[in-house]
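Taking it in order: structure first as structure tokens, then the write-up.
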Amino acid sequence: MAGKTKVMVASAAALTLGLTAACGGGSDDNKGDNNSSTNGASFNAAATQVVNASDKKGGTLNLWSPQDADSFDPAISYYAWTIDMNRLYSRTLMTYTPKPGKDGLILSPDLAQAAPEVSADGKTYTFKLKSGIKFDDGSPITSKDIKYGIERIFAQDVLPNGPLYLMQELDGGQKYPGPYKDKDPNKLGLKTVETPDDSTIVFHLQAANANFPYELALPGGSPIPQKRDTGDKYALKPASSGPYMFESVQPGKGATLVKNPNWDPATDPNRKQLPDKIVLTITTNADDMDARLIAGTADLDASQSGVQTQARTQILTNDKLKQTAYNPNNGFIRYAALATTVAPLDNAECRKAVIYASDPTTLQTARGGPIAGGDIATNMLPPNILGSDPKYDPYGRAQGKPQIDKAKAALQACGKPTGFSTKIAVRNNKPAEVATATALQAALKAVGINADIFQYDGKDVGTVVGSPSVVKAKGLGIMISGWGADFPTGYGYLAPIAMGKFIAPSGNYNLPEINDPAINDLFTKGLSEKDANAAADDYKQANEKVMEGDYFVPFVFDKALNYYNPRLTNVYFHQGLAMVDFASLGVSDGK
Amino acid sequence: MSLGPEAPISDEIVAPTDDAAVERTAGEKAIAGRSLRQIAWRRLKKDRVAVGGGIVILVLIFIAIIAPLLIKLFGHPFDEYHNEKIDPTLGLPLGHLGGISKDYILGVEPVNGRDIFSRIVYGAQTTLTVAFLSAFLSTILGVLFGMTAGFVGGWVDSIVSRIMDFLLAFPQLLFSIALVSVLPPTSFGLGPRWSRVLVLVAVIGFFGWPYIGRIVRGQTLSLREREFVEASRSLGARSPRILFREMLPNLAAPILVYTTLIIPTNILTEAALSFLGVGIPPPYPSWGGMLSDALQFYRYDPMFMIIPGAMIFITVLAFNLFGDGLRDALDPKAH
Amino acid sequence: MLAYLIRRLINAVLTLIVVTFVTFCVFFLVPKATGSDPALLYVGKQADPAAIAGIREKFGFNDPVIVQYGKFLKGLVFGRDYVSGADITHCSAPCLGYSFKTSQEVWPLLIDALPVTVSLAIGAAVLWVLMGVSFGVISALRRGTIWDRSVMTVALAGVSLPIYFTGLLSLSIFVYWLGFPNPSFTPFFDNPWHWFTGLILPWITLAFLFAATYARLTRANMLETLGEDYIRTARAKGLRERAVIGKHGLRSGLTPLVTVFGLDLGALLGGAVLTEAVYNLRGLGYYALNGIRQSDLPVILGVTLFAATFIVIANLIVDLLYGVIDPRVRLG
């Protein structure tokens, strides 16, 4: 259980950083034909198909980002876009299939010859490596390099902030301190990972876990040559196993990648090597970046966080610009959590009053409107996850208006007919979240619920709303939040925010502190199902139970409006990466 | 000038009277039989520009006081959402010039459709309260420490002077941001709005006092050696009496001028802090905060930027005009 | 003269020590009061207790404030080793420590940001001195004319305009309406032309604000000087007007400006927070603001030290210059 809690905290961190490793969009406009491609761009085409399919080589791909990379060290990279960048130079045993639509959620062999051999008890995974795989310096990639790469994740004092899934999965009670403090002469002292020969690697897990291959597909599972490891400086010159290698890395400014001559396309069906060069430029001026995208001097916002308000207006009011813009669901839901420990919201009727009094349309507008903000959310499972149903709308939110009568009736039932006072907690560094907080505040006022806005520092998420004792002491009845899963399953999405065992003294993301045995049982059942559809049905029921408990006010199924340079080829939104697949991109004009 | 970097420190040099002026004023008083106050008032009345500034200030104060009534008559509650006035896709106000219409005389805010007129009027309340109270605080501290330093002299003077020098060499804007952002959002049982006003007053007022303190100290130093002070001392008057009955009235003119001139700077500082995101918390309005919100929209909804910007400009200009006039009126050398 | 210089230098260093110590205390005590732990900031949210303890030991967060401050000073002068078990990280002098947020060394970070702020401040300073002084002098010489009145009106409007408003106005007019490129920083040695075009808008906006003040100041000083007896004497002895103004009037009329200019420039070099915020330039002010928002103590300390150093040096230079320009002042 302690281990699970840590897994959850890790995904909480992913959320804090505003990213998600594995979740995607598409939703209902995903009309089956996933593998189609087109050469004529039209609005949102890239969300469901490959736009401008081409094998034209040459030129420079100009990526820009208004946000600095967390790190290019595969053990640390955790932003969705640096994970995507990693695919250019870090190969893993398995990786997401490079296809639009739901096919992208499936893993394909990468360095491994084939999918792993799993023991009957589900605890032992054996991979065989391909032959002819090499690092950028020409030396062969062996199973020991992969083991060493995974061991580095354990060195949290030197390489902090990365995802910890593999560390928690593979420690097995050894308390392995990482290779830098390893007493083994070869620095390969992690006992749960065996390398019987250079092309075989065996993992021993404590318990069966169907998510394990997904964990290995994170950059932390990529090979790292021990002789080139420079500890916390490794991010400045990472070795390459993929189609591109770093020419230079300048933290806070950008990076340049060039073709890796030792990458053999015959061993790698998942990536292309089209541009001669990939230049990443970090800027502090997001408006300037948007202007460059529109002018064509930048090709793509690598962070994929969506264009700024002014550029949004410019793009949406210009048909030509609109053609190469897209806004798929990104797997996040924005919502307010209602604390069950704060009176009078400990009474479900009072929570119901908040839900009915909220105005779905002002909340949607505050998030950026239907195109750049997202669709009005009706329940707590995002559309890209099996078992979700956007039409399931128990509170009638899709019609877009507050329901004052129902809210007043709920207040009556709660014993507070004239309303009550509470607080709305919101991070101060997210303008859109503050905007939703004020929108909610204004709507609640109409039924006599007076909510003060309590702003806190964004970095303190884990110790303010993430601390049940603080929530109770400060009376934070309503907490503005957002959530995206690291793995695209109902368990991965909903359990951390609605399952009793995830309630933690700090870094908590089960904000309402839901601990309903019926809900808990459904999650446990779902995890043990062999069939994905059966599991999906469990999660569907869990979602319904969560909605019936009146714990959340869902705002929107999140979307971001992004724009790409029309000269880009092979553009498509990858659901597994939750963004455009960088490793497929090329430029059509060869410049 | 209370807050360093991007407000020029320079104005203090042109600021108030030196002792020669005070002396000559005393002389005029004897000849004409009119008090300094009367002379200054006559001069001020003749200065049409200064009077204009004064009238604008009075109007603004009046508006701030009757804000609730004004909003009842001409506006909507400052935190009321009007989504029907907003284009849902773009978040921009419907209609021309940021949604200006008969019902919304200054238009509506993008995204939420709140009435800009109401928010400007409430913003005036906040801005003027912060500006006046912090100027008051600076003056009290400045007079207290400046007079003590100048009058007592010796080690007290060197300590106070050192502290003033030190505060002036301090990256003040940064410190204000840091202090404001860590102080608790509510205190003394006040709501979030007035608690933050209090914090702003304390921080802006505190960093402003050395500017007044230095002037007062200099004036006190020179007054201390004057005949009338000596005379009073030889008659057996004690220090407090000399300080408050003899010297303070002579310091009144520069103090008044200086306090007036520090108000516009305080307005700019308050707006700057709100612009940088540490001012009045939402949903309460402030002009600087509105400008900061306008950052996202100024290209397609310029009125949302121009209206609060113009309000800051007009208010600061009015105070500057009035302060300049007051200084000229109290300083005979200017003629 | 030498004794004076040494005394002033010692004074300057003392001031810097006090400024950094106060900064240190404020930002050390404030997080304590609000209950956030610097070690937690450094490792992020998901680290296990052992890693947090390691970080605490490595950066000395367990020591009392005064010891931590001592280590900070030592690092600044001699460099510093961060020890955690067998792992030693050396940070060579001048060491300002590592950012809690990005784990990068602070000194190189700020040295990188310095050219942005220096370019911004110096460029604007050249403009505002040229504009402010020339308009001020002409206004003084043509006192009461239409020219004088209009210049003074514009100047008064100028001092009443906040830079975060004129900045936005300039952006909407020049960048979005007339299509000039967005302001950005290119190092001078990379491409002088891009350096110039990228900064011209911030320069003009910033210079306008200061030029307004300087024009008012110059005019007032010039008027005072022109009323002095020795100017009348100079005229009486038959000197041509140009010589009277150029040789006597300007010299003593502009002397007070030197003080003001030194202080303004010093303050601006410490980070033009608002200008950098409006135009999205990554100078010292940007890092200061970011540091404060993220409670990144090493960065805040570093910027404060830089800013205070500039102010103190500016004061020193102004005092020394005064002795050269104004013969009445004797240093000693």
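Among the helices (runs of 4 or more DSSP H) confined wholly to segment B:137-231, which include 2 or more residues that are hydrophobic (A, V, I, L, M, F, W, C), farther than 30 Å from A:Gly458 by Cα and within 14 Å of chain C (Cβ to nearest Cβ)? Working first, answer last.
Numbers: elements: B:154-168, B:172-182, B:192-224.
Answer list for segment B:137-231: B:154-168.
Determine, yes or no, whether A:Tyr539 is part of a helix (DSSP H, G or I) and of a type in the set (Phe, Trp, Tyr).
On the way: part of a helix (DSSP H, G or I): yes; of a type in the set (Phe, Trp, Tyr): yes.
Yes: the conditions hold for A:Tyr539.
Given the options A:Gly448, A:Gly396, name the one that is away from every other protein chain (no Cβ under 12 Å), closer than 24 Å to B:Pro283 by Cβ, out of contact with any His (no Cβ under 9 Å at 6 or more places or on another chain) and surrounded by fewer than 20 Cβ atoms within 10 Å (Cβ to Cβ).
Values: A:Gly396 fails: closer than 24 Å to B:Pro283 by Cβ.
Criteria check complete, one pass: A:Gly448.
Which one of C:Val22, C:Val65, C:Val30 is modelled with pLDDT of 75 or more and open to solvent by less than 40 Å² (accessible area, probe 1.4 Å)? Even if it seems obvious, please write down each step before you answer.
Numbers: C:Val22 fails: open to solvent by less than 40 Å² (accessible area, probe 1.4 Å); C:Val30 fails: modelled with pLDDT of 75 or more.
That would be C:Val65, the only listed residue that is modelled with pLDDT of 75 or more and open to solvent by less than 40 Å² (accessible area, probe 1.4 Å).
What is the residue count in segment A:328-365 for residues that are more than 22 Å from the chain's Cα centre (by Cα) and within 12 Å of chain B (Cβ to nearest Cβ)?
Start the filter on segment A:328-365 by keeping residues that are more than 22 Å from the chain's Cα centre (by Cα), which leaves A:338-363, A:365.
The next check asks that each one be within 12 Å of chain B (Cβ to nearest Cβ); those that pass are A:358-363, A:365.
Total satisfying the criteria: 7.
At least 1 residues that are open to solvent by 20 Å² or more (accessible area, probe 1.4 Å) and either more than 14 Å from chain A (Cβ to nearest Cβ) or without any contact (Cβ under 8 Å) to a residue 24 or more places away in the chain (or both) in each: list the helices (runs of 4 or more DSSP H) lying fully within segment C:232-314 that qualify.
Filter on segment C:232-314 gives C:250-269, C:284-293.
Go over the candidates B:Ala334, B:Ala318 one by one and state the one that is within 10 Å of chain C (Cβ to nearest Cβ), closer than 18 Å to B:Val49 by Cα and modelled with pLDDT under 85.
On the way: B:Ala318 fails: modelled with pLDDT under 85.
Exactly one of B:Ala334, B:Ala318 is within 10 Å of chain C (Cβ to nearest Cβ), closer than 18 Å to B:Val49 by Cα and modelled with pLDDT under 85, namely B:Ala334.
A:Ala413: assigned to a helix (DSSP H, G or I), in contact (Cβ under 8 Å) with a residue 12 or more places away in the chain and crowded, with 22+ Cβ neighbours inside 10 Å, yes or no?
no
Quick test for you: out of A:Thr297, A:Thr283, A:Thr309, pick the one residue that is within 20 Å of A:Val580 (Cβ to Cβ) and modelled with pLDDT under 90.
Working: A:Thr297 fails: modelled with pLDDT under 90; A:Thr309 fails: within 20 Å of A:Val580 (Cβ to Cβ).
One residue alone meets the criteria, A:Thr283.
Here is a list of conditions, (1) more than 27 Å from A:Asp558 (Cα to Cα); (2) open to solvent by less than 10 Å² (accessible area, probe 1.4 Å), and A:Lys253 meets all of them except one; can you say which number that is?
The one condition A:Lys253 does not meet is (2).
Away from every other protein chain (no Cβ under 14 Å) and open to solvent by less than 10 Å² (accessible area, probe 1.4 Å): does that describe A:Gly484? Steps first, answer last, please.
Values: away from every other protein chain (no Cβ under 14 Å): yes; open to solvent by less than 10 Å² (accessible area, probe 1.4 Å): yes.
So A:Gly484 fits the description; yes.
Pick out the one residue from B:Gly325, B:Gly288, B:Gly277, B:Gly309 that is modelled with pLDDT under 90 and facing chain C (nearest Cβ under 10 Å). Break it down into steps so the answer makes sense when it comes.
Numbers: B:Gly325 fails: facing chain C (nearest Cβ under 10 Å); B:Gly288 fails: modelled with pLDDT under 90; B:Gly309 fails: modelled with pLDDT under 90.
Within the list B:Gly325, B:Gly288, B:Gly277, B:Gly309, the selection yields B:Gly277.
Looking at C:Ser150, C:Ser134, C:Ser160, which is the one that is without any contact (Cβ under 8 Å) to a residue 40 or more places away in the chain, in the same structural domain as C:Ser295 (by TED's automatic domain parsing) and open to solvent by less than 20 Å² (accessible area, probe 1.4 Å)?
Values: C:Ser150 fails: open to solvent by less than 20 Å² (accessible area, probe 1.4 Å); C:Ser134 fails: open to solvent by less than 20 Å² (accessible area, probe 1.4 Å).
Among C:Ser150, C:Ser134, C:Ser160, only C:Ser160 is without any contact (Cβ under 8 Å) to a residue 40 or more places away in the chain, in the same structural domain as C:Ser295 (by TED's automatic domain parsing) and open to solvent by less than 20 Å² (accessible area, probe 1.4 Å).
From A:Met579, A:Met499, which residue is buried (at least 20 other Cβ atoms within 10 Å of the Cβ) and in contact (Cβ under 8 Å) with a residue 60 or more places away in the chain?
On the way: A:Met499 fails: in contact (Cβ under 8 Å) with a residue 60 or more places away in the chain.
After applying the criteria, what remains is A:Met579.
Out of (1) surrounded by 19 or more Cβ atoms within 10 Å (Cβ to Cβ); (2) in a helix (DSSP H, G or I); (3) away from chain C (no Cβ under 14 Å), the odd one out for B:Ala252 is which?
(1)
Might you check whether a residue that is more than 25 Å from A:Lys259 (Cα to Cα), of a type in the set (Phe, Trp, Tyr) and modelled with pLDDT of 95 or more occurs anywhere in segment A:121-131? Break it down into steps so the answer makes sense when it comes.
Going through segment A:121-131, the residues more than 25 Å from A:Lys259 (Cα to Cα) turn out to be A:121-128.
In the following step, the residues that additionally are of a type in the set (Phe, Trp, Tyr) were identified as A:125, A:127.
From what's left, modelled with pLDDT of 95 or more: A:127.
Taking every residue of segment A:121-131 in turn, at least one turns out to be more than 25 Å from A:Lys259 (Cα to Cα), of a type in the set (Phe, Trp, Tyr) and modelled with pLDDT of 95 or more.
Can you tell me which residues in segment A:95-131 are more than 14 Å from A:Ser199 (Cα to Cα) and open to solvent by less than 10 Å² (accessible area, probe 1.4 Å)?
Within segment A:95-131, A:Thr95, A:Pro100, A:Gly101, A:Gly104 qualify.
Within 30 Å of B:Tyr122 (Cα to Cα), open to solvent by less than 20 Å² (accessible area, probe 1.4 Å) and of a type in the set (A, V, I, L, M, F, W, C): which single residue out of B:Val197, B:Val216, B:Val160 fits that description? If you could, list the steps in order and put the result at the bottom.
Working: B:Val216 fails: within 30 Å of B:Tyr122 (Cα to Cα); B:Val160 fails: within 30 Å of B:Tyr122 (Cα to Cα).
It is B:Val197.
Take the conditions surrounded by fewer than 18 Cβ atoms within 10 Å (Cβ to Cβ), in a loop (DSSP other than H, G, I, E, B) and over 24 Å from the mean Cα position of the chain (by Cα) and apply them to C:Arg143. Does it pass? Write out each step before concluding.
Working: surrounded by fewer than 18 Cβ atoms within 10 Å (Cβ to Cβ): yes; in a loop (DSSP other than H, G, I, E, B): yes; over 24 Å from the mean Cα position of the chain (by Cα): yes.
So C:Arg143 passes the test.
If you take the residues of segment A:218-234 that are surrounded by fewer than 24 Cβ atoms within 10 Å (Cβ to Cβ) and not polar (S, T, N, Q), which of them is farthest from A:Pro488 (Cα to Cα)?
Taking segment A:218-234 and keeping what is surrounded by fewer than 24 Cβ atoms within 10 Å (Cβ to Cβ), we get A:225-234.
In the following step, the residues that additionally are not polar (S, T, N, Q) were identified as A:225, A:227-229, A:231-234.
Working: A:Pro225: 31, A:Lys227: 36, A:Arg228: 34, A:Asp229: 32, A:Gly231: 32, A:Asp232: 31, A:Lys233: 33, A:Tyr234: 30 Å.
In this case the residue turns out to be A:Lys227.
Can you tell me which residue in segment A:320-364 is surrounded by the fewest Cβ atoms within 10 Å (Cβ to Cβ), limited to those that are of a type in the set (S, T, N, Q) and touching a helix residue (DSSP H, G or I) at 6+ places or on another chain (Cβ under 6 Å)? Give the steps one after another, and end with the answer.
Residues of segment A:320-364 that are of a type in the set (S, T, N, Q), as a first pass: A:323-324, A:327, A:329-330, A:340-341, A:347, A:358, A:361-362, A:364.
Narrowing further to those that are touching a helix residue (DSSP H, G or I) at 6+ places or on another chain (Cβ under 6 Å): A:327, A:329, A:341, A:347, A:358, A:361-362.
Details: A:Asn327: 25, A:Asn329: 29, A:Thr341: 15, A:Asn347: 18, A:Ser358: 25, A:Thr361: 22, A:Thr362: 26.
The residue in question is A:Thr341.
Could you grab me the full set of residues in segment C:152-195 that are touching a helix residue (DSSP H, G or I) at 6+ places or on another chain (Cβ under 6 Å), of a type in the set (Val, Ile, Thr) and more than 10 Å from every other protein chain (Cβ to nearest Cβ)?
Hit for segment C:152-195 is C:Thr186, nothing else.
If C:Asn221 satisfies all but one of (1) within 14 Å of chain A (Cβ to nearest Cβ); (2) of a type outside the set (D, E, K, R); (3) farther than 30 Å from A:Leu293 by Cβ, what's the number of the condition it fails?
It fails just one condition, (1).
The rows are residues; the columns are (1) of a type in the set (Gly, Ala, Ser); (2) at negative phi; (3) in the same structural domain as A:Pro344 (by TED's automatic domain parsing); (4) open to solvent by 10 Å² or more (accessible area, probe 1.4 Å).
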| residue | (1), (2), (3), (4) |
| --- | --- |
| A:Lys472 | no, yes, yes, yes |
| A:Leu476 | no, yes, yes, no |
| A:Leu494 | no, yes, yes, no |
| A:Ile503 | no, yes, yes, yes |
| A:Asn510 | no, yes, yes, no |
| A:Ala518 | yes, yes, yes, yes |
| A:Ala532 | yes, yes, yes, yes |
| A:Asn543 | no, yes, yes, no |
| A:Phe552 | no, yes, yes, no |
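The values are calculated or read from the model by the stated rules, or taken from the named source; none is laboratory data. No experiment lies behind these values; they were computed from the predicted model shown. Every residue, glycine among them, receives a Cβ derived from its backbone with ideal geometry; neighbour counts consider all protein chains shown. The area values use the complete protein model at the heavy-atom level, side chains included, leaving out ligands, DNA and RNA. Shrake-Rupley method; radii C 1.70, N 1.55, O 1.52, S 1.80 Å.
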